[in-house]
Amino acid sequence: MEKLNHIQGMIVAIPVNDIDTDQIIPARFLKVTDKAGLGKAAFCDWRYQDDGVTPNPDFVLNKSEYQGASVLIAGNNFGCGSSREHAPWALIGAGFKGVISTEFADIFRNNALKNGLLPIEVDAETQEQLVSLADEDPSTTVRVDVERQTLTLPDGRDVKFPLDGFSKYCLLNGVDQLGYLLNLHDDVRDFEAQNPQRVRTTA
Amino acid sequence: MTANGKPRTLFEKVWNAHTVRDQSEDTPAVLYIDLHLVHEVTSPQAFSMLRDRGLAVRRPDLTIGTMDHSTPTTPRNTLGVIPIADSMAAKQLDTFTQNCDDFGIPMYALGDEHQGIVHVIGPEKGLTQPGMTIVCGDSHTSTHGAFGALAFGIGTSEVGHVLATQTLLQNKPKTMAVNVEGKLGDGVTAKDIILAIIARIGIGGGTGHVFEYRGDAIRGLSMEGRMTVCNMSIEGGARAGMVAPDDTTFEYMNGRQHAPSGADWDAALARWRQLPTDAGAAFDQEITLRADELIPMITYGTNPGMGMPIDAAVPAPVDEPDVNRRVALDKALSYMDLQPGQQLLGKPIDVVFIGSCTNSRISDLRQAAAFIQGRKVADSVRMMVVPGSQQVKKQAEDEGLHEIFRAAGAEWREAGCSMCIAMNGDQLQPGQYAVSTSNRNFEGRQGKGGRTFLASPLTAAASAIAGAVSDPRTILSSAN
């Protein structure tokens with residue numbers, strides 16, 4: 001995972017509540033065995049017409065003025081539904097570094113953080129303000145400081161967002177969580193010695 | 001109780017028994033995982049990660065694989081083989097076989113007598129047991145909570161973590177007691193309970209929480225009914241839902257392949273009887289529903305929280321005070337091509353799907369078959385019945401259920417996720433309406449442009465016969 005200290009980027013808004021991971025990446029794209037190439041299928045059924053290839057001109061991600069946006073403003077409860085990590089892979093593949101919502105589904109939040117995609121949880125007022133800004137001026141940019149856990153709006157106002165200490169450490173240092181768990185080998189061995197195995201699938 | 005006598009919830013007991021390291025200011029808890037279920041769709045990138053880092057699977061003996069999501073459910077050919085028409089699916093299944101072989105993980109391949117939906121085979125084989133921690137790269141892992149296990153879905157990175165270390169980093173969730181009191185009426189099932197709960201709290205209502213389903217209506221459910229309820233916890237935003245184990249649980253488990261036996265069974269029983277929530281234990285939130293007030297439920301929108309009693313009218317966006325919810329409802333009704341105030345009863349449908357990890361177990365099939373026996377599926381309806389596992393399929397065939405479905409004009413298929421996820425050839429055509437016993441009615445979930453009404457197996461069967469959304473109680477009472 002690459003280090004993530006700051007995000008400075010254009011915003012684009014899909015102000016829809018409860019965007020589930022089936023919308024972010026439909027199940028028919030899950031037959032892959034790697035992570036590559038999912039970006040072009042992000043929001044596929046909203047982004048393309050019925051033939052699956054012709055861009056839907058009304059969908060915001062297809063509008064020329066929003067090309068290059070790296071921060072997505074979504075409605076409430078983003079990323080609900082399926083646990084597919086293909087959702088953050090697709091969003092990253094589509095160029096996003098952060099997503100702003102008032103609430104994130106638990107599994108999506110975990111998956112996003114493990115891939116360096118920042119879930120930025122803000123109050124409803126800030127969310128509404130950002131949706132309006134993105135709508136009125138597509139060149140609007142925001143700045144995100146991971147260390148300070150702040151989102152800086154175009155008017156200079158800083159909005160704090162929650163981020164657990166461990167995820168923050170991993171983002172800032174570009175390390176993944178597996179290394180930490182592997183280092184606990186002795187603790188796990190001790191736990192196994194003290195707690196009998198419940199089932200044996202190989203039996 | 002703990003040494004200091006503080007009453008604890010079922011969740012806290014299971015959580016505390018599995019923390020290799022407690023949560024601190026700097027790090028989440030490190031949770032030991034007793035059982036890891038893997039399938040072909042969410043595991044390939046995790047195995048690649050292990051290879052890239054030169055890591056082994058730490059405990060293949062606590063890991064089990066099955067093929068379910070991308071597998072076709074088309075009937076076997078003359079050689080007894082289930083043909084795979086999709087080359088990408090075939091490659092994914094081959095990759096899974098190779099990964100399980102290379103890392104020493106036991107796995108049930110397509111068509112094997114033990115193959116099936118991951119959340120059907122765990123309980124069926126006695127692998128799912130009270131007090132365990134169980135994970136899978138699938139959000140419906142919450143199903144296993146019906147046994148008093150702490151079971152939840154994880155992403156592919158976390159699948160890699162568990163494969164390599166048998167542990168996960170987790171922040172401790174909050175708890176919500178979901179009380180369902182009273183007795184269910186005729187024609188009202190476990191599926192209606194959970195659809196009513198989600199309609200009440202909303203699709204994000206349980207975010208950050210683990211549910212514990214309590215009350216005499218839950219105690220009165222069979223294990224399969226409890227699995228249906230726990231299965232859809234995630235549709236209410238909760239990663240896990242649990243039911244305290246009791247004699248119903250133990251009776252279901254006794255004698256299953258991986259269940260303890262002899263003296264081990266007695267010891268396990270003694271341990272499991274300590275698991276239920278202590279009197280006076282506190283939950284972070286609590287809600288209560290009356291089972292006797294429930295009637296069959298159905299969804300009208302594009303998430304499982306958009307559900308209502310089957311005789312109700314589709315809500316109107318203008319009546320929704322919250323602007324975001326109003327926009328969402330408007331968008332949902334537009335996708336579903338429904339009008340505010342419209343009744344769903346009598347709405348013509350194209351497809352009925354009975355299956356999925358929510359409702360594909362033997363009791364679901366028995367209920368639907370009993371209803372359909374001696375009746376015919378409407379000419380305008382395609383009805384698919386997809387057993388959750390090869391074992392369920394075999395049992396159903398031993399009982400002659402497949403003949404009842406076939407005689408009525410329904411398709412009897414091989415085991416798998418099928419039309420719940422529509423990545424295996426089983427899918428709706430654009431614009432079609434389905435009454436489905438599965439768990440998600442998201443846009444395109446059952447096929448691009450397809451429209452899903454979620455309901456119970458009884459409601460699905462009644463609707464198949466009528467060719468339109470139907471209340472099973474109407475036909476039940478006319479038969480009596």
With criteria (1) touching a Lys or Arg at 6+ places or on another chain (Cβ under 8 Å); (2) open to solvent by 30 Å² or more (accessible area, probe 1.4 Å); (3) within 14 Å of another protein chain (Cβ to nearest Cβ), B:ALA267 comes up short on (1)
Failed condition for B:THR42, given (1) more than 7 Å from every other protein chain (Cβ to nearest Cβ); (2) touching a strand residue (DSSP E or B) at 6+ places or on another chain (Cβ under 9 Å): (1)
In the stretch B:302-327, the residues that are part of a helix (DSSP H, G or I) and open to solvent by 20 Å² or more (accessible area, probe 1.4 Å): B:VAL318, B:ASP319, B:VAL323, B:ASN324, B:ARG325, B:ARG326, B:VAL327
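Can you find even one residue in the stretch B:35-44 that is open to solvent by 50 Å² or more (accessible area, probe 1.4 Å) and either at pLDDT below 95 or not aliphatic (A, V, I, L, M) (or both)? Step through it out loud before you land on a result.
First, the residues of the stretch B:35-44 that are open to solvent by 50 Å² or more (accessible area, probe 1.4 Å): none.
Taking every residue of the stretch B:35-44 in turn, none turns out to be open to solvent by 50 Å² or more (accessible area, probe 1.4 Å) and either at pLDDT below 95 or not aliphatic (A, V, I, L, M) (or both).
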Listed residues B:MET227, B:MET223, B:MET253; which is more than 29 Å from A:LEU181 (Cα to Cα) and within 14 Å of chain A (Cβ to nearest Cβ)? B:MET253
Picked from the stretch B:394-410 (must be touching a helix residue (DSSP H, G or I) at 6+ places or on another chain (Cβ under 8 Å) and open to solvent by 20 Å² or more (accessible area, probe 1.4 Å)), the residue farthest from the other protein chains (Cβ to nearest Cβ) is B:ILE404
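Among the residues of the stretch B:59-95 satisfying the criterion of being polar (S, T, N, Q) and within 24 Å of B:TRP412 (Cβ to Cβ), which is most open to solvent (accessible area, probe 1.4 Å)?
First pass over the stretch B:59-95, keeping only residues polar (S, T, N, Q): B:63, B:66, B:70-71, B:73-74, B:77-78, B:87, B:92, B:95.
Next, from what is left, pick out any that are within 24 Å of B:TRP412 (Cβ to Cβ): B:66, B:70-71, B:73-74, B:77-78.
Details: B:THR66: 1, B:SER70: 2, B:THR71: 0, B:THR73: 1, B:THR74: 50, B:ASN77: 65, B:THR78: 146 Å².
The selected residue is B:THR78.
Which residue, of B:ALA267, B:ALA291, is over 30 Å from B:GLY447 (Cβ atoms) and touching a helix residue (DSSP H, G or I) at 6+ places or on another chain (Cβ under 7 Å)?
Numbers: B:ALA267 fails: touching a helix residue (DSSP H, G or I) at 6+ places or on another chain (Cβ under 7 Å).
Unique residue meeting the criteria: B:ALA291.
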Residues of the stretch A:115-125 that turn out to be farther than 21 Å from A:ALA69 by Cα and either buried (at least 24 other Cβ atoms within 10 Å of the Cβ) or within 8 Å of the chain's Cα centre (by Cα) (or both), as a count: 0
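State all residues of the stretch A:147-203 that are among the basic types (Lys, Arg) and more than 7 Å from every other protein chain (Cβ to nearest Cβ); if no residue qualifies, say none.
Restricting attention to the stretch A:147-203, the residues satisfying the condition of being among the basic types (Lys, Arg) are A:148, A:157, A:160, A:168, A:189, A:198, A:200.
Correct list: A:ARG148, A:ARG157, A:LYS160, A:LYS168, A:ARG189.
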Within the stretch B:175-186, how many residues turn out to be small (Gly, Ala, Ser) and either open to solvent by 10 Å² or more (accessible area, probe 1.4 Å) or closer than 14 Å to B:TYR32 by Cα (or both)? 2
Out of curiosity, is B:SER363 open to solvent by less than 50 Å² (accessible area, probe 1.4 Å) and away from every other protein chain (no Cβ under 14 Å)? yes
Quick one: A:ASN173 ticks every box in (1) in contact with a Gly (Cβ under 9 Å, 6 or more places away or on another chain); (2) open to solvent by 50 Å² or more (accessible area, probe 1.4 Å) except a single one, so which number is it? (1)
Every listed condition ((1) under 16 Å from B:PHE147 (Cβ atoms); (2) without any contact (Cβ under 8 Å) to a residue 60 or more places away in the chain; (3) among the polar types (S, T, N, Q)) holds for B:THR249 save (2)
For the stretch B:418-433, indicate whether the set of residues that are among the aromatic types (Phe, Trp, Tyr) and either open to solvent by less than 10 Å² (accessible area, probe 1.4 Å) or part of a helix (DSSP H, G or I) (or both) is non-empty. no
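Suppose the filter is within 14 Å of chain B (Cβ to nearest Cβ) and among the β-branched types (Val, Ile, Thr); does A:THR140 pass it?
Values: within 14 Å of chain B (Cβ to nearest Cβ): no; among the β-branched types (Val, Ile, Thr): yes.
Taking the combined requirement at face value, the residue does not satisfy it.
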Report yes if some residue within the stretch B:333-352 is under 26 Å from the mean Cα position of the chain (by Cα), closer than 27 Å to B:SER418 by Cβ and within 12 Å of chain A (Cβ to nearest Cβ); otherwise report no. yes
What single numbered condition from (1) closer than 30 Å to B:TYR213 by Cβ; (2) part of a loop (DSSP other than H, G, I, E, B); (3) touching a Phe, Trp or Tyr at 6+ places or on another chain (Cβ under 9 Å) fails to hold for B:THR42? (3)
In the stretch B:348-383, what count of residues is obtained for those that are among the aromatic types (Phe, Trp, Tyr) and outside any strand (DSSP E or B)? 1
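Matching residues to (1) in a helix (DSSP H, G or I); (2) open to solvent by less than 10 Å² (accessible area, probe 1.4 Å); (3) β-branched (Val, Ile, Thr); (4) away from every other protein chain (no Cβ under 13 Å):
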site	(1), (2), (3), (4)
A:LYS40	yes, no, no, yes
A:ASP51	no, no, no, no
A:PRO57	no, no, no, yes
A:GLY68	no, no, no, yes
A:LEU72	no, yes, no, yes
Right, B:SER334: free of Cβ contacts under 8 Å to residues at least 12 places away in the same chain and closer than 21 Å to B:TYR433 by Cα or not? yes
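Residue-wise test of (1) under 29 Å from B:ASN171 (Cβ atoms); (2) more than 9 Å from chain A (Cβ to nearest Cβ).
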{"site": "B:VAL57", "(1), (2)": "yes, yes"}
{"site": "B:SER70", "(1), (2)": "no, no"}
{"site": "B:PRO83", "(1), (2)": "no, yes"}
{"site": "B:LYS91", "(1), (2)": "no, no"}
{"site": "B:ASP101", "(1), (2)": "no, yes"}
Identify the residue in the stretch A:39-68 that is touching a helix residue (DSSP H, G or I) at 6+ places or on another chain (Cβ under 9 Å) and of a type in the set (D, E, K, R) and, among all such residues, is nearest to A:LEU91 (Cα to Cα). A:LYS40
For B:GLY155, are the conditions met, namely being at pLDDT 95 or above, under 23 Å from B:MET297 (Cβ atoms) and out of contact with any Leu (no Cβ under 7 Å at 6 or more places or on another chain)? no
Residue, surrounded by the most Cβ atoms within 10 Å (Cβ to Cβ), within the stretch A:20-38, restricted to residues that are more than 8 Å from chain B (Cβ to nearest Cβ) and not in a helix (DSSP H, G or I): A:ILE25
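The values are calculated or read from the model by the stated rules, or taken from the named source; none is laboratory data. Here the structure is a predicted model, which means the values were calculated and not measured. Every residue, glycine among them, receives a Cβ derived from its backbone with ideal geometry; neighbour counts consider all protein chains shown. Quick note on the areas: whole protein, heavy atoms, side chains included, nothing else; ligands and nucleic acids left out. Shrake-Rupley method; radii C 1.70, N 1.55, O 1.52, S 1.80 Å.
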